[in-house]
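The values are calculated or read from the model by the stated rules, or taken from the named source; none is laboratory data. Nothing here was measured: the structure is a model prediction, and the numbers come from that model. Reconstructed Cβ throughout: ideal geometry from the backbone, glycine too, with neighbour counts over all protein chains shown. Accessible surface is based on the protein model in full, side chains and every heavy atom, while ligands, DNA and RNA are left aside. Shrake-Rupley method; radii C 1.70, N 1.55, O 1.52, S 1.80 Å.
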Amino acid sequence: MIPVNEPLLNGNEAKYLTECIKSGWVSSEGQFVHKFEALIAEISEQRYGIAVANGSAALDVSIAALGIGPGDEVILPTFTIISCAAAIIRAGATPVVVDSEPVTWNIDPTQIESEITPRTKAIMVVHIYGLPVDMDPVMEIARRHGLKVIEDSAEQIGQTYLSKAGKRRAVGSFGDLATYSFYPNKHVTTGEGGMVVTTDTALAERCRSLRNLCFGKERRFVHEELGWNFRMSNLQAAVGVAQAERLSHTLQKKRQIGRWYDELLADVPEFERLPTRTEYAENIHWVYGVVLRDSLLFDAAEAMKKLGAKGIGTRPFFWPMHEQPVLRRSGLFAGVTRPVAERIARRGFYLPSGVALTRNQAEEVVRALKDLLK
């Protein structure tokens with residue numbers, strides 16, 4: 001079986017974990033938590049990092065820190081993981097979904113402004129798969145309407161964006177708050193884990209309080225509001241520090257995997273793929289996705305089943321938020337259609353893309369993929 005993802009833990013992970021165990025600092029107060037927060041903040045070109053239990057927790061904390069609640073609306077892509085919509089709904093606010101841009105599969109900035117109402121409080125952008133959202137127009141819309149920006153950068157840590165002014169900035173540096181996930185398929189993993197980054201001192205303090213049960217400042221166990229226990233352990237952060245140290249190597253390998261697949265699939269027009277680059281970014285290839293052209297008489301589910309029978313691991317694309325049964329049953333998105341996202345969700349999936357993938361494995365994957373056309 002060629003797995004869809006296999007992480008590499010061949011840096012200082014074991015060394016740093018041993019340090020934690022020998023020192024006895026395994027909880028959230030250890031030195032590696034603070035070091036990891038500083039590293040991710042630096043990579044993101046933000047001032048503060050607030051480590052949390054996972055990427056979904058990072059979104060919950062971000063929404064709460066901005067004071068978003070009942071009566072508010074947050075604009076987000078329909079093509080994303082459900083954690084994004086769930087954080088908005090749990091806060092009592094309403095998610096408003098925008099379709100995908102057909103070339104990058106990210107939120108289409110040209111469709112955002114028409115969804116803004118007097119109730120809109122924020123735009124949540126999600127950098128999908130390999131190319132970042134075109135942030136210049138998003139930030140201009142946010143400035144024009146006085147909206148906050150939450151930047152879900154879970155899939156693209158280390159990615160950069162070239163603005164129209166010629167300035168290259170880190171993905172994760174644009175939002176009032178940006179979030180990360182450190183699940184095993186991410187460029188930096190802690191097994192489970194996440195982080196919020198920001199340059200706003202007040203927001204950083206608020207996020208720290210919310211992730212730590214909102215303990216009282218004068219008397220610890222006297223609470224003025226409710227927070228969560230979303231802390232990251234020193235053990236997890238130790239792995240994260242070792243992973244962050246190797247981020248540049250990981251990104252090189254990801255782009256090499258992208259080049260392998262680009263080369264091997266160059267003569268197969270039946271599979272749509274993300275471009276290698278746009279005018280503002282080079283593809284970072286968090287995963288390598290393909291979308292079946294409409295001329296093919298089978299969909300992604302059938303293709304994945306056949307590839308699985310050949311020992312090729314795959315994963316489906318995200319299912320649009322406006323088509324999620326749990327959200328439809330709650331009365332959301334009645335009559336909403338988003339045709340680009342609906343199409344790529346049904347006809348898209350991604351191939352083995354983990355950093356442990358070899359050239360021989362990539363060739364085997366493509367042979368099996370081409371066999372689908374026979």
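I want to confirm something. Restricting to segment 168-226 and keeping residues that are aliphatic (A, V, I, L, M) and under 15 Å from residue 237 (Cα atoms), which single residue is surrounded by the fewest Cβ atoms within 10 Å (Cβ to Cβ)?
This residue is 188.
Identify, from the list 83, 100, the residue that is in contact (Cβ under 8 Å) with a residue 12 or more places away in the chain and open to solvent by 10 Å² or more (accessible area, probe 1.4 Å).
83
Is it true that some residue in segment 68-75 is modelled with pLDDT of 95 or more and closer than 15 Å to residue 204 by Cα?
no
Considering segment 53-77 alone, what residues qualify as being part of a loop (DSSP other than H, G, I, E, B) and more than 14 Å from the chain's Cα centre (by Cα)?
Those that are part of a loop (DSSP other than H, G, I, E, B) and more than 14 Å from the chain's Cα centre (by Cα): 53, 66, 67, 68, 69, 70, 71, 72.
Which of the residues belonging to segment 343-365 are open to solvent by less than 20 Å² (accessible area, probe 1.4 Å) and over 11 Å from residue 2 (Cβ atoms)?
344, 345, 348, 349 - these are the residues of segment 343-365 that are open to solvent by less than 20 Å² (accessible area, probe 1.4 Å) and over 11 Å from residue 2 (Cβ atoms).
Just to be sure before I move on: is residue 102 assigned to a loop (DSSP other than H, G, I, E, B) and more than 19 Å from residue 331 (Cα to Cα) in the structure I sent?
It is true that residue 102 is assigned to a loop (DSSP other than H, G, I, E, B) and more than 19 Å from residue 331 (Cα to Cα).
Looking at residue 266 and the list (1) under 15 Å from residue 358 (Cα atoms); (2) among the small types (Gly, Ala, Ser); (3) in a loop (DSSP other than H, G, I, E, B), which single condition is not satisfied?
Status for residue 266: all satisfied but (1).
Only residues in segment 279-305 that are farther than 18 Å from residue 318 by Cβ and open to solvent by less than 30 Å² (accessible area, probe 1.4 Å) count as the first member; pair them with residues that are of a type in the set (A, V, I, L, M, F, W, C) and not in a loop (DSSP other than H, G, I, E, B), Cβ under 7 angstrom, at least 6 apart or cross-chain, and list the lot.
These pairs meet every condition: 280/162; 281/162.
Only one of these is open to solvent by less than 50 Å² (accessible area, probe 1.4 Å) and of a type in the set (D, E, K, R): 37, 45, 6. Name it.
37
Output the number of residues of segment 328-342 satisfying the condition of being more than 21 Å from the chain's Cα centre (by Cα), surrounded by 13 or more Cβ atoms within 10 Å (Cβ to Cβ) and touching a residue at least 40 places away in the same chain (Cβ under 8 Å).
Residues meeting the conditions: 3.
Taking only segment 9-34 into account, find how many residues are crowded, with 20+ Cβ neighbours inside 10 Å and outside any loop (DSSP other than H, G, I, E, B).
5
Out of everything in segment 252-273 that is under 21 Å from residue 5 (Cβ atoms), open to solvent by less than 20 Å² (accessible area, probe 1.4 Å) and not charged (D, E, K, R), what residue ends up being farthest from the chain's Cα centre (by Cα)?
265
Starting from segment 1-19, take each residue that is touching a residue at least 12 places away in the same chain (Cβ under 8 Å) and closer than 30 Å to residue 363 by Cβ and list its partners that are among the aliphatic types (A, V, I, L, M) and part of a strand (DSSP E or B), counting only C-beta distances under 7 angstrom and pairs at least six apart or across chains.
Going by the 7 Å Cβ cut-off, the qualifying pairs are 2/312.
Suppose we filter segment 306-316 for residues that are farther than 13 Å from residue 289 by Cα and open to solvent by 70 Å² or more (accessible area, probe 1.4 Å); how many remain?
3
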